[in-house]
Amino acid sequence: MALLTIHNYLTTYLVFGAMLFSLGIYGLVTRRTLIGMLIAAELMLAGVSINFMAFNRFLAPDPSIGQIFTLFIMAIAAAEAAIGLSIVVAVYRHYKTVDAEDLVNLKG
Amino acid sequence: MNAIQVPELLSADGMAGIIFLIMIAVTLAGGFIAATAERLIRALAGIVICFTGVAGFYYFLNSPFMAMMQILIYVGAICITISFAIMLAAPEEKRKVGPTNMLSGPIGFMVAALIFGAMAALALRTQWPVFAKTAGGSVREIGIHLLTTYSMVFELISIVLLIAIIGAIVIARGGRT
């Protein structure tokens, strides 16, 4: 029944954040469309945010610093999503595809 | 770390533990769907589940404010924007299936597993130093910090967001008369 108390330990959250981060890396490497890669990048940001919040709850002297950090990560993620998706839409209008394999104009 | 009493299964603490375990499973399943689903709209549904679960984690980490922000910004704004991009720019009929390269699947899995193993080992082996709390971390304190210590960062992030909005409009609008 020791499993019922794992939410009181820092390492649970760290391992879980690492899991989300590596799922994001796997998605980023194997996805073939730009939108899929963007979704995987959001997954990685979620893992990083969990790490910040866990350190904030268990270790930091002032628990508002980590929350402010996570808030800024969210704002950057929103800006990244807006710019990335507008680039995707512009690329689609020009090439009629969002497949990363077909976008080879700059390939040497 | 000091020992924590194991609660009864049907007490309030025990129920919290059960909810936490269910949340881990649901969040991981959502993340797995988001990383591997063949159709993009399913990946989007997966990441919505995953973000909602992460908001639950923020509740367990003593921060209901960040949980609300997570739902509001990630689920309410970013995922909706991605769904619009999928509707505008990902035609299902021209979809190619399968990985781009024979090796990208196994190598990607190996890289991800290596990184996960390294980070998990680091988290489990390190003796983290614990400091005494000097503040509570309430929403009021966050607001005071944002307008005093971090006011410069706060202004900069507003400018970054403004430039991102203008840039997104300019880029996505190009080619139209």
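Condition check ((1) surrounded by fewer than 18 Cβ atoms within 10 Å (Cβ to Cβ); (2) within 11 Å of the chain's Cα centre (by Cα); (3) farther than 26 Å from A:R57 by Cβ) across all residues:
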residue: B:L21; (1), (2), (3): yes, no, no
residue: B:G46; (1), (2), (3): no, no, yes
residue: B:S63; (1), (2), (3): no, no, no
residue: B:V75; (1), (2), (3): no, yes, no
residue: B:A90; (1), (2), (3): no, no, yes
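Would it be correct to say that B:I78 is at the interface with chain A (Cβ under 7 Å from one of its Cβ atoms), more than 21 Å from A:T11 (Cα to Cα), at pLDDT 90 or above and in contact with a helix residue (DSSP H, G or I) (Cβ under 9 Å, 6 or more places away or on another chain)?
Considered against the rule, which asks whether it is at the interface with chain A (Cβ under 7 Å from one of its Cβ atoms), more than 21 Å from A:T11 (Cα to Cα), at pLDDT 90 or above and in contact with a helix residue (DSSP H, G or I) (Cβ under 9 Å, 6 or more places away or on another chain), B:I78 comes out as yes.
The rows are residues; the columns are (1) closer than 25 Å to A:F55 by Cβ; (2) within 7 Å of another protein chain (Cβ to nearest Cβ); (3) in a helix (DSSP H, G or I).
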residue: B:I41; (1), (2), (3): no, no, yes
residue: B:I47; (1), (2), (3): yes, yes, yes
residue: B:G53; (1), (2), (3): yes, no, yes
residue: B:F57; (1), (2), (3): yes, yes, yes
residue: B:I82; (1), (2), (3): no, yes, yes
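From A:V29, A:V98, grab the single residue that is buried (at least 17 other Cβ atoms within 10 Å of the Cβ), in contact with a strand residue (DSSP E or B) (Cβ under 8 Å, 6 or more places away or on another chain) and of a type in the set (A, V, I, L, M).
Going through A:V29, A:V98 in turn, the sole match is A:V98.
If you check A:L85 against the conditions, is it farther than 23 Å from B:L122 by Cα and more than 7 Å from every other protein chain (Cβ to nearest Cβ)?
No.
Limited to segment B:112-160, what total is found for residues that are at the interface with chain A (Cβ under 7 Å from one of its Cβ atoms) and among the polar types (S, T, N, Q)?
Result for segment B:112-160: 1.
Determine which single condition A:A40 fails, assuming it passes every other condition in (1) facing chain B (nearest Cβ under 7 Å); (2) surrounded by 20 or more Cβ atoms within 10 Å (Cβ to Cβ); (3) more than 12 Å from the chain's Cα centre (by Cα).
Here A:A40 meets the rest and fails (3).
For segment A:58-72, which residues satisfy the criterion of being touching a residue at least 40 places away in the same chain (Cβ under 8 Å) and assigned to a helix (DSSP H, G or I)?
Within segment A:58-72, just A:F58 meets the criteria.
Please give the number of the condition A:M74 fails out of (1) at the interface with chain B (Cβ under 7 Å from one of its Cβ atoms); (2) farther than 19 Å from B:I80 by Cβ; (3) not β-branched (V, I, T).
If we test A:M74 against (1) at the interface with chain B (Cβ under 7 Å from one of its Cβ atoms); (2) farther than 19 Å from B:I80 by Cβ; (3) not β-branched (V, I, T), just (2) comes out false.
How do the pairs read when you match residues in segment B:127-142 that are under 16 Å from A:F69 (Cα atoms) with residues anywhere that are of a type in the set (S, T, Y), using Cβ under 6 Å and keeping only pairs 6 or more apart or on different chains?
From segment B:127-142, the pairs are B:G137/A:S64; B:E141/A:S64; B:I142/A:S64.
So, of the residues in segment A:67-107 that are at pLDDT below 90 and small (G, A, S), which turns out to be nearest to B:R140 (Cα to Cα)?
Per the criteria, the residue is A:A90.
Answer with yes or no whether B:L124 is at pLDDT 90 or above, farther than 30 Å from A:V98 by Cα and exposed (fewer than 11 other Cβ atoms within 10 Å of the Cβ).
No, not satisfied.
Give A:L28, A:L4, A:L45 a once-over and let me know the one that is out of contact with any Lys or Arg (no Cβ under 9 Å at 6 or more places or on another chain), at the interface with chain B (Cβ under 7 Å from one of its Cβ atoms) and in a helix (DSSP H, G or I).
A:L4
If we scan segment A:55-70, do we find a residue that is within 7 Å of chain B (Cβ to nearest Cβ), under 15 Å from the mean Cα position of the chain (by Cα) and surrounded by 20 or more Cβ atoms within 10 Å (Cβ to Cβ)?
There is at least one residue in segment A:55-70 that is within 7 Å of chain B (Cβ to nearest Cβ), under 15 Å from the mean Cα position of the chain (by Cα) and surrounded by 20 or more Cβ atoms within 10 Å (Cβ to Cβ).
The values are calculated or read from the model by the stated rules, or taken from the named source; none is laboratory data. Remember, it's a predicted structure, so these values are computed and weren't measured experimentally. As a convention, Cβ positions derive from the backbone with ideal geometry for all residues, glycine included, and neighbour counts pool all protein chains shown.
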